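The values are calculated or read from the model by the stated rules, or taken from the named source; none is laboratory data. Bear in mind that the values here come from a model prediction, so they are computed numbers and not experimental data. A quick note on method: Cβ atoms are made from the backbone with ideal geometry, for glycine too, and the neighbour counts reach across all protein chains shown.
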Amino acid sequence: MQVDERQCLVETKDKVLMITINRPPMNTLSRQTLLDIEKVLNEAENDNGIRAVLISGAGEKMFSAGADITEFGSMGDKEEGNKTLIRMHELFNRIENYPKPVIACINGKALGGGNELQMACHLVVAADSAELGLPEVRLGIIPGYGGTQRLPRLIGRRRALELMLSGDRISAEKALEYGLVNRVVPAEKVREEAFNLAARLASGAPLAIKGILDSVYRGSEQDLEAGLAVERENSLAVSGSEDAIEGVTAFFSKRPPEFKGK
């Protein structure tokens with residue numbers, strides 16, 4: 001996978017694709033950074049050798065400080081600004097709707113677009129030293145990469161409004177209390193813990209995992225009956241698969257299953 005290593009580092013280990021935002025010290029999300037992430041995700045989607053994705057930031061203090069403000073000049077042009085925002089919304093939607101688990105490893109501060117990026121991921125492991133926030137209001141702008149929509153859905157409208165209207169940051173422990181992250185671990189262990197979680201998911205049944213992700217994200221945006229229809233669709237799609245047969249056979253044989261994504 002060819003990317004600009006000044007923007008992203010890419011490595012695969014134990015069926016986990018590791019993407020590291022490599023723009024220290026702030027790990028800002030330039031357009032090229034985001035295009036590289038998109039390119040890597042596109043190439044990995046149909047690669048059965050990759051079963052999970054892990055996104056982190058280079059260094060120990062910053063997951064990502066968000067958008068590269070040196071690129072804000074074009075935002076004054078409404079037409080160009082609209083194209084940019086649509087592109088970013090499409091990418092973050094792509095991450096949210098990705099058929100393989102995407103885990104964010106928040107190794108430091110996740111601010112602005114960096115926070116919006118982790119909100120688009122499926123699961124989040126944060127260092128105990130991490131801070132999360134959407135400080136855009138302090139620059140006279142609003143979160144534009146999906147924050148105004150995802151944050152209320154994740155933690156509730158009133159908590160989300162307080163954070164966005166004030167621009168305040170919250171600690172990793174508060175983010176855990178709010179349900180914004182899944183786990184908080186010592187900073188020196190955050191990469192190990194996040195990788196172990198990704199590797200565990202990568203060993204699971206790919207078709208079943210894809211069905212669960214689709215059922216949750218597509219179904220939960222609809223009423224219960226429509227959501228149950230999505231669940232039935234995915235259940236029927238996987239129930240006759242080779243993996244389902246392998247899972248049941250392995251269970252009765254008292255051995256670990258060997259899922260192939262078929």
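The residues on offer are 237, 160, and the sole one that is within 30 Å of residue 16 (Cβ to Cβ) and small (Gly, Ala, Ser) is 237.
A count restricted to the stretch 152-178 and to residues that are small (Gly, Ala, Ser) and closer than 20 Å to residue 198 by Cβ stands at 2.
Results for (1) surrounded by 17 or more Cβ atoms within 10 Å (Cβ to Cβ); (2) of a type in the set (A, V, I, L, M); (3) in contact with a helix residue (DSSP H, G or I) (Cβ under 8 Å, 6 or more places away or on another chain); (4) without any contact (Cβ under 8 Å) to a residue 40 or more places away in the chain, shown as yes or no for each residue.
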| position | (1), (2), (3), (4) |
| --- | --- |
| 175 | yes, yes, no, no |
| 179 | no, no, yes, yes |
| 184 | yes, yes, yes, no |
| 201 | yes, yes, yes, no |
| 209 | yes, yes, yes, no |
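Among the residues of the stretch 17-32, is there at least one that is in contact (Cβ under 8 Å) with a residue 60 or more places away in the chain, under 29 Å from residue 200 (Cα atoms) and surrounded by fewer than 23 Cβ atoms within 10 Å (Cβ to Cβ)? Yes, the conditions are met somewhere in the stretch 17-32.
Taking the options 37, 50, 55, name whichever one is aliphatic (A, V, I, L, M) and either assigned to a loop (DSSP other than H, G, I, E, B) or over 27 Å from residue 196 (Cα atoms) (or both). Outline the logic, then answer.
On the way: 37 fails: either assigned to a loop (DSSP other than H, G, I, E, B) or over 27 Å from residue 196 (Cα atoms) (or both); 55 fails: either assigned to a loop (DSSP other than H, G, I, E, B) or over 27 Å from residue 196 (Cα atoms) (or both).
When all the criteria are applied, what remains is 50.
With respect to residue 197, determine if the residue is touching a strand residue (DSSP E or B) at 6+ places or on another chain (Cβ under 8 Å), buried (at least 18 other Cβ atoms within 10 Å of the Cβ) and either of a type outside the set (Ser, Thr, Tyr) or outside the structural domain of residue 100 (by TED's automatic domain parsing) (or both). Yes. Out of 95, 86, one residue alone is more than 23 Å from residue 22 (Cβ to Cβ), among the β-branched types (Val, Ile, Thr) and either part of a helix (DSSP H, G or I) or modelled with pLDDT of 95 or more (or both). It is 86. I'd like to check something: does the stretch 217-239 contain any residue that is without any contact (Cβ under 8 Å) to a residue 12 or more places away in the chain, closer than 22 Å to residue 154 by Cβ and part of a helix (DSSP H, G or I)? Scanning the stretch 217-239, I find at least one residue that is without any contact (Cβ under 8 Å) to a residue 12 or more places away in the chain, closer than 22 Å to residue 154 by Cβ and part of a helix (DSSP H, G or I), so the answer is yes.
Could you list all residues from the stretch 187-220 that are among the aliphatic types (A, V, I, L, M) and within 17 Å of the chain's Cα centre (by Cα)? Don't jump to the end; show me each part of the working.
Restricting attention to the stretch 187-220, the residues satisfying the condition of being among the aliphatic types (A, V, I, L, M) are 187, 190, 194, 197-199, 201-202, 205, 207-209, 212-213, 216.
Hits for the stretch 187-220 are 190, 194, 197, 198, 199, 201, 202, 209, 212, 213, 216.
Residues checked against (1) over 16 Å from the mean Cα position of the chain (by Cα); (2) of a type in the set (Val, Ile, Thr):
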| residue | (1), (2) |
| --- | --- |
| 111 | no, no |
| 115 | no, no |
| 142 | yes, yes |
| 145 | no, no |
| 150 | no, no |
| 159 | yes, no |
| 162 | yes, no |
| 165 | yes, no |
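State whether one or more residues within the stretch 65-81 are hydroxyl-bearing (Ser, Thr, Tyr) and at pLDDT 95 or above. Show your work before the answer.
Of all residues in the stretch 65-81, those hydroxyl-bearing (Ser, Thr, Tyr) come to 70, 74.
Going one step further and asking which of them are at pLDDT 95 or above, we end up with none.
No; the residues of the stretch 65-81 include none that is hydroxyl-bearing (Ser, Thr, Tyr) and at pLDDT 95 or above.
Candidates are the residues of the stretch 35-74 that are surrounded by fewer than 17 Cβ atoms within 10 Å (Cβ to Cβ) and of a type in the set (A, V, I, L, M); the one that is farthest from residue 89 (Cα to Cα) is 69.
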